[in-house]
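FYI, it's all coordinate maths here, none of it is from the lab. Source: prediction; values computed, not measured. Please note: Cβ atoms are built from the backbone with ideal geometry, for glycine as well, and neighbour counts cover all protein chains shown.
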Amino acid sequence: MGSNANSKALSRLVALVSDGYPVAALQAKIKNPRLEIIAAAGAHSTVVGLLASLRADQRLSAVNLVIVSTGREGEDVASSLKAQDPEAEVLEFVSWETLPHERLSPSPETVGKRLRVLHRLHEIVVAGGALDHAVYVVASVRAVLQPVVAGLGDFPPLTLVRGRDYLLPELTLKLVELAYQRVDLVTKRGEFAVRGGILDIFPTTAEHAVRLEFFGDELDDVREFSVTDQRSLSGQLDSTKIYAAREVIITPAVANKARQMVHEFPNLSTMLAKLAEGIPVDGMESLAPVLADRLVPFTEYLPADAGVVLLQPERRPPAQPAWLRPTKSFCMPRGMPQSRVRRHRSTSARADSSISAPSSRDSAGDSSQPSRSSAPMRPTSSTSICSRFRALPAATAAPSTGSSTRSAATS
């Protein structure tokens, strides 16, 4: 109840903001190829929702790509959009946690989230973009700039429905093609195990692992289970979707290219030999530029008239360099000419070195005499103490009052 009340309150707030003159001026320019809006950082989600509603009024595409600086900021914006418009569809396109040229594959969870977004966008494009709700695709700059293998949306997820017939041996081979690893005990995403007529699998996009029980060839039961104690959870599922665990799908064309490259690149012969046999290998994404037919920008998966909103972070004045900050480590008497700075430094150093511990001869004398080191010393003329000093000039920068939100419509 609390979340619904908050969502309604946010919706009313957006409606109130939409009645102002700035929104009317923005509505008149909504079809411009480029707009620049200055708003507070906390109002980013509100501005994005407002732009989506204005585009819907003009019968433009309901798909909006929201580009943020980092993945953490993307999570915050996505949660704000979900709370602001519960009926909207929010898709988070995450970036790899590895570099594209490294021989390390991204985690199955990351790959599953990316493939789910690409498949959903492919469905929207095929359907002609006819939607009755807004669709927000939230992605970081790194995720948008990285090229994507073309045609990934053409491979739908493997959907298993309770009550239908499946051949368990063929199903296990299909899971291997989707880069799932066969293990004895399922503990993480991208793994599956077979025990008699029971198939345990942890899909890349599921919150919990799924246990499939077969009665002959019929899928009799679909339940979630906990990987910690391997016990089934309460409730029964009607179906489950299984996305691939790798972004490079080993098709016959990919396997043929890997077979041809075995002798050309001896240092990659082990990896290429497995790919030629249809076996997924860790780090195979690093060979995507030569194995895949082509790589395309992420925007190729968007509709032609989709909106693009770039959320630029707040601009702050640069930090003051250390050499420009006032310091008391060295201070000259006022009025000392620059030619005497070096002499002043040497004199101060000698004066500081004269303040030392008492010698053994002094300590062996009369104990009634006060210690020379314990007596307070008054600063001499060579050790000047500056009570006031002039600060060095600091770099100036114009402060910013907010952050910038840029919106553009792709043609």
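Would you please state which residues of segment 179-213 a label at Thr172 would reach in this model, taking the label point 7 Å out along Cα→Cβ and a backbone N cut-off of under 16 Å?
Backbone N within reach: 179-186, 191-202, 212-213.
For Ala127 and Val296, what is the calculated FRET efficiency with R₀ set at 25 Å and r taken between the beta-carbons, to the nearest 0.05?
Working: r = 20 Å, r/R0 = 0.81.
With R0 = 25 Å, the Cβ-Cβ based efficiency is 0.80.
Work out the P(r) tail for segment 96-149: percent of alpha carbon pairs separated by more than 14 Å, whole number.
More than 14 Å apart: 65 percent of the Cα pairs in segment 96-149.
Name the residue from Ile124, Thr98, Ser80 whose Cα lies farthest towards the positive end of the charge dipole of segment 78-129, charges +1 on Cβ of Lys and Arg and -1 on Cβ of Asp and Glu.
Thr98
Counting pairwise Cα distances across segment 181-308, what percent come out greater than 23 angstrom? Please list the in-between numbers first.
Values: 4203 of 8128 pairs.
Counting every Cα pair in segment 181-308, those more than 23 Å apart make up 52 percent.
Take the Cα pairs of segment 156-214, get the Kirkwood Rh, then feed it into Stokes-Einstein at 25 °C and 0.890 mPa s and tell me D in µm²/s.
On the way: Rh = 11.7 Å.
Translational D for this selection: 210 µm²/s.
Spin-label point model (7 Å from Cα, Cβ direction): what's the Glu218 to Arg103 distance in nm?
The two pseudo-label positions are separated by 5.0 nm.
What distance in nm separates the two pseudo spin-label positions at Thr251 and Lys188, each 7 Å out from Cα along the beta-carbon direction?
Placing both labels 7 Å beyond Cα along the Cβ direction yields 3.0 nm.
I'd like the distance separating the alpha-carbon centroids of segment 205-224 and segment 53-82, in whole Å.
So the separation of the two Cα centres works out to 35 Å.
Note the direction-averaged projected area, equal to a quarter of the hull surface, for the Cα convex hull of segment 240-317, in nm².
On the way: hull surface 40.4 nm².
Across all orientations, segment 240-317 yields a mean hull projection of 10.1 nm².
Can you give me the distance in nm between label points at Ala83 and Asp238, each placed 7 Å from the Cα along the Cα-to-Cβ direction?
3.2
Using 0.36 nm per residue of separation minus the Cα-Cα distance, give me the extension gain between Ala304 and Arg164 in nm, one decimal.
Numbers: separation 140, 0.36 × 140 = 50.40 nm, distance 3.83 nm.
Separation in residues times 0.36 nm, less the Cα-Cα distance, equals 46.6 nm.
What's the long-distance tail for segment 101-192, i.e. % of Cα pairs beyond 19 Å? Walk me through the intermediate numbers first.
Working: 2372 of 4186 pairs.
The answer is 57 percent, as a whole percent.
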